[in-house]
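The values are calculated or read from the model by the stated rules, or taken from the named source; none is laboratory data. Note that the structure is a prediction, hence the values are computed from the model and not measured. When we count neighbours, we look across all protein chains shown, and the Cβ atoms used for this are built from the backbone with ideal geometry, even at glycine.
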Amino acid sequence: MTIGRVAVRTSDRARPRLWHAAVLACLGAIALPPASEAKTPAPKPYQLAPYKDDLFQYANVLDTQYDGDFLLVEYNRPRDLYARDVERGTKVDPKYVSLDTEAVESQASLDVGGHTIAYTAVGKTGGGAKAIVIFVHGLGTGRATGANDWIHGGNFNRIKNLMMRNDGVYISASFSDFASKGTAEIKALMLAETNASPGAPVFLACASAGGNICWHLVRDPEVKPLIGGLVFLDSTMDTGYLRVAAALPPAERVPIHISNSKEDTVLGWKSQLQFFRDMKATVPDYPIRFVLFTAGTHGISLRMTDWRVTLNWMLGLRPAQQKR
C-alpha cells in the first residue's frame, strides 16, 4: 500500500538522522570533563565589607577633578562636629561606636635594638591577618590617640571594626621620635607583623609629623615591597619623592592618599595639593588621590577620612602591586 511504502521510506530516512544525533551525543559526553576537573570560579579580590557607611561616608562632595582622584568635600560643623559629638571633641554619639572590638583588642610590646616599644592591636593579633593597618601618630600625641574609640568622631573605632570584621589587624604604636630611631621602630613592627601574617599588605596611616617616618619607609628597599599604601592625614609631604616616582615601573608604585582641610594653619594644605598636582603632571598614571575638606582645623582628617573607601581603592590595586 502507498501508506505502507511511505511509512517505510520515512523510517529509512529517519534512521541516519537518529544515528547521527546519537553519535553527537556520545561525543559530547566524552568531551565533557569530569565534575572534579571542572573549573572553579576565581576568588573575589579581598575588600573591606561595609560597616556604618551611612555614618562615615562623605556627605557632600562639592567638586571632583582628575577623573575622581581629587575630591572637595564639605565639612559642616553643625553636622560633622556639634551634632556628631555628645561631648565636643572628646566623646562621639554612641551610635558611631561598637565596642565589640574589645574582645580582640590587646596591649603588646616589641623589643627593638634593646629597648621596648608598646602598641595597641585589634583584630587578628596572633597572626593570619589579610591586611595590616599601622597608625603612625603625630607630634604631641601618642598611640592612645589611635586607640581611642570616642575621639575624632569615632573614626578610629571604625577602622578597628573594619579590620576586626574583615580578618585584618589594626595597630596604633608608640615610637621614640620622628627621625631615624622612630623609623627603625616602625620598620621592626612592620617586619614582625608581616612575619606573622605572610603576604598581608601593610597600610601606613601617617598623621601630621608621622609622615616623616612613612616617607623614610617607602624608600627602604627592605620594607617597601610590604607596603600596600600610604594614607597621609594632615601630614608632611616629601617633594623629593616625585623624582623617585618618575623612575618607578608601574608595579612598584605605592598608592598614596592625602587628606587635609582649608583651615589647617599648622602644616597648611596648599603644599600638599601642589604635591598631588606635581605628581599628576610628572607621572600621570601614578595611583594618588587627594581629599580636601572645606573647613576644619589641623587634625580634621582623622575625623573625616573615609577609611573603607580609601583602603578598598588601594586593595583594588593589589593585583598590579603583587607583580613587583
In contact with a strand residue (DSSP E or B) (Cβ under 8 Å, 6 or more places away or on another chain), at pLDDT 95 or above and charged (D, E, K, R): is that true of residue 177 in this structure? no
Go through segment 226-308 and tell me which helices (runs of 4 or more DSSP H), entirely inside it, have 2 or more residues that are aromatic (Phe, Trp, Tyr) and surrounded by 15 or more Cβ atoms within 10 Å (Cβ to Cβ). 270-282
From the list 129, 205, which one is among the aliphatic types (A, V, I, L, M) and farther than 15 Å from residue 236 by Cβ? 129
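In segment 151-169, is there at least one residue being of a type in the set (A, V, I, L, M) and more than 18 Å from the chain's Cα centre (by Cα)? Break it down stepwise before answering.
Looking only at segment 151-169, we keep the residues that are of a type in the set (A, V, I, L, M), and these are 151, 159, 162-164, 169.
Checking which are more than 18 Å from the chain's Cα centre (by Cα) leaves us with 151.
So far as segment 151-169 goes, yes, one or more of its residues are of a type in the set (A, V, I, L, M) and more than 18 Å from the chain's Cα centre (by Cα).
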Give me the pairs: first residue in segment 47-65 and polar (S, T, N, Q), second residue in a strand (DSSP E or B) and modelled with pLDDT of 95 or more, beta-carbon distance under 8 Å, and six or more apart or on different chains, which are they? 60/73; 64/70; 64/71; 64/72
Pairs, first free of Cβ contacts under 8 Å to residues at least 60 places away in the same chain and under 16 Å from residue 224 (Cβ atoms) in segment 179-208, second outside any helix (DSSP H, G or I) and among the charged types (D, E, K, R), C-beta under 7 Å, six or more apart: 187/220
